[in-house]
Amino acid sequence: MIFDLLTTVEAGGCSAKIPPRLLEEILSDMPLPVDPAILVDTSTHDDAGVYKLNDDIALVLTTDFFPPVCSDPYEFGLIAAANSISDVYAMGGNPVLALNIIMFPADRIPLEVYSEILRGGYDKAKEAGISIIGGHSIDDYPPKYGMAVTGIVHPDRVITNSGAREGDLLILTKPLGCGVILAASRMGMASDEELNEAKRYMKMLNNEGSRLMQKYNIRGATDVTGFGLAGHALKMAVASGVTIELKMKNVPLMSGTYEYINQGCIPGAAFRNLDYVEQDSVFSNGVDYNLRMAACDAQTSGGLLISVRSADAKAILDELKEFHPESTVIGSVHKKGESSLVIGN
């Protein structure tokens, strides 16, 4: 290895996000643009912005970057790119173009590391069918990498976090736990096999899930990243004006996640996410502490949380399992009750 990127950070990946409660406070006073061509803005805290160009094409616009989440520069590039592209997939879009965003201390880390990060981003973009046409760099420490990604979608086929409807079932396409596993690895607790599994999920594109959402005319979805399953489910419930119920015993976890939480290996981002969701959520008495914290674990390049009509759930799930074998129904959508989110067994 040229250089161990983890020596530069204490918290990397989507764990480095500003806490959701603080972010909402910051954005609450920001004026929203007034333009009929804007189909999705920041008002619902969705995954990306959407701007209508004409009757057939809307642009999906997003940006994402973060500090290193793993030691190897090339793997970091792969993961950061997959994470950046994911927001376009979550909106049902087809990503087409990207710009690199990189912060790198040129006088403190070998320049070969810079090249390897970009090579990882290039290879993941190529896998997604995206052309990288430029970018911007800043001399900064610790290093950070990501992309601004542009996708396209039909204006009438935009998928949003406000599209969950009463009676829908919720499907999750990737298991939870990468935040816990990464923390456990840094503490010398996680095995190489567990770490490699977590990195494999983080490198995995959500393209097939997006394709199937369009096939089945899905209207409500989000990807699960820095605010954890509970945080993103809560945002979906509030945006949609419904109550979402999660069944934590049905939620797939990466190998070792439950055991490491039980041993006290809980990243700080999970506690920040818990603080956020507690304001409008109910935890059933039967949900043990470990599963509560797994629901709040910050994910990097996580899976899609899809709100699907109950009549279509089996069909889409059968097709999803070909690409994401752990895909499963983890909850349901109900008429708005006293709380927006119920986390139960």
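Under 18 Å from Gly226 (Cβ atoms), in a helix (DSSP H, G or I) and of a type in the set (S, T, N, Q): does that describe Asn273?
Numbers: under 18 Å from Gly226 (Cβ atoms): yes; in a helix (DSSP H, G or I): yes; of a type in the set (S, T, N, Q): yes.
Here the answer is yes, as Asn273 does meet what is asked.
Collect the residues in the range 310-332 that are assigned to a helix (DSSP H, G or I) and touching an Asp or Glu at 6+ places or on another chain (Cβ under 8 Å), keeping them in residue-number order.
The answer is Ser310, Leu320.
Of all residues in the range 162-182, which are of a type outside the set (A, V, I, L, M), within 24 Å of Asn273 (Cα to Cα) and either surrounded by fewer than 23 Cβ atoms within 10 Å (Cβ to Cβ) or not assigned by TED's automatic domain parsing to the domain that holds Ser327 (or both)?
The answer is Ser162, Gly163.
Return the residues of the range 132-157 that are polar (S, T, N, Q) and buried (at least 16 other Cβ atoms within 10 Å of the Cβ); say none if nothing qualifies.
Matches in the range 132-157: Thr150 only.
Considering only residues of the range 301-316 that are of a type in the set (A, V, I, L, M) and closer than 18 Å to Ala90 by Cβ, which is surrounded by the fewest Cβ atoms within 10 Å (Cβ to Cβ)?
Looking at the filtered set, the residue picked out is Ile316.
Which residue, of Ile218, Ile266, Ile261, Ile306, is among the aliphatic types (A, V, I, L, M), in a helix (DSSP H, G or I) and in contact (Cβ under 8 Å) with a residue 40 or more places away in the chain?
Ile261
Quick one: count up the residues across the range 300-317 that are farther than 16 Å from Gly331 by Cβ and under 21 Å from the mean Cα position of the chain (by Cα).
Going through the range 300-317 one residue at a time, the tally reaches 2.
Within the range 171-185, work out how many residues are assigned to a helix (DSSP H, G or I) and in contact (Cβ under 8 Å) with a residue 60 or more places away in the chain.
The qualifying residues number 7.
Listed here are the residues, each with its yes/no results for (1) at pLDDT below 95; (2) farther than 17 Å from Met204 by Cα; (3) not in a loop (DSSP other than H, G, I, E, B).
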{"position": "Leu22", "(1), (2), (3)": "yes, yes, yes"}
{"position": "Glu25", "(1), (2), (3)": "yes, yes, yes"}
{"position": "Val50", "(1), (2), (3)": "no, yes, yes"}
{"position": "Thr63", "(1), (2), (3)": "no, yes, yes"}
{"position": "Leu78", "(1), (2), (3)": "no, no, yes"}
{"position": "Glu116", "(1), (2), (3)": "no, yes, yes"}
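Out of the range 239-258, which residues are assigned to a strand (DSSP E or B) and touching a His at 6+ places or on another chain (Cβ under 8 Å)?
Of everything in the range 239-258, those that are assigned to a strand (DSSP E or B) and touching a His at 6+ places or on another chain (Cβ under 8 Å) turn out to be Val242, Thr243, Ile244, Glu245.
Consider Gly226 carefully, then state whether it is crowded, with 24+ Cβ neighbours inside 10 Å, part of a loop (DSSP other than H, G, I, E, B) and touching a residue at least 60 places away in the same chain (Cβ under 8 Å). Before you say what the answer is, go through the steps one by one.
Numbers: crowded, with 24+ Cβ neighbours inside 10 Å: yes; part of a loop (DSSP other than H, G, I, E, B): yes; touching a residue at least 60 places away in the same chain (Cβ under 8 Å): yes.
Answer is yes for this residue.
Looking at the range 18-57, which of its residues are in contact with a Ser or Thr (Cβ under 8 Å, 6 or more places away or on another chain) and over 17 Å from Val88 (Cβ atoms)?
Passing the criteria: Leu27, Met30, Leu32.
Which one of these is surrounded by fewer than 19 Cβ atoms within 10 Å (Cβ to Cβ) and out of contact with any strand residue (DSSP E or B) (no Cβ under 6 Å at 6 or more places or on another chain): Arg219, Arg200?
On the way: Arg219 fails: surrounded by fewer than 19 Cβ atoms within 10 Å (Cβ to Cβ).
Being surrounded by fewer than 19 Cβ atoms within 10 Å (Cβ to Cβ) and out of contact with any strand residue (DSSP E or B) (no Cβ under 6 Å at 6 or more places or on another chain) holds for just one of Arg219, Arg200, which is Arg200.
What single numbered condition from (1) at pLDDT below 95; (2) in contact with a strand residue (DSSP E or B) (Cβ under 9 Å, 6 or more places away or on another chain) fails to hold for Arg186?
Result: Arg186 fails condition (2) only.
The values are calculated or read from the model by the stated rules, or taken from the named source; none is laboratory data. Quick caveat: nothing in here was measured; it's all calculated off a predicted structure. Cβ coordinates were reconstructed from backbone atoms using ideal geometry, including for glycine residues, and neighbour counts include every protein chain displayed.
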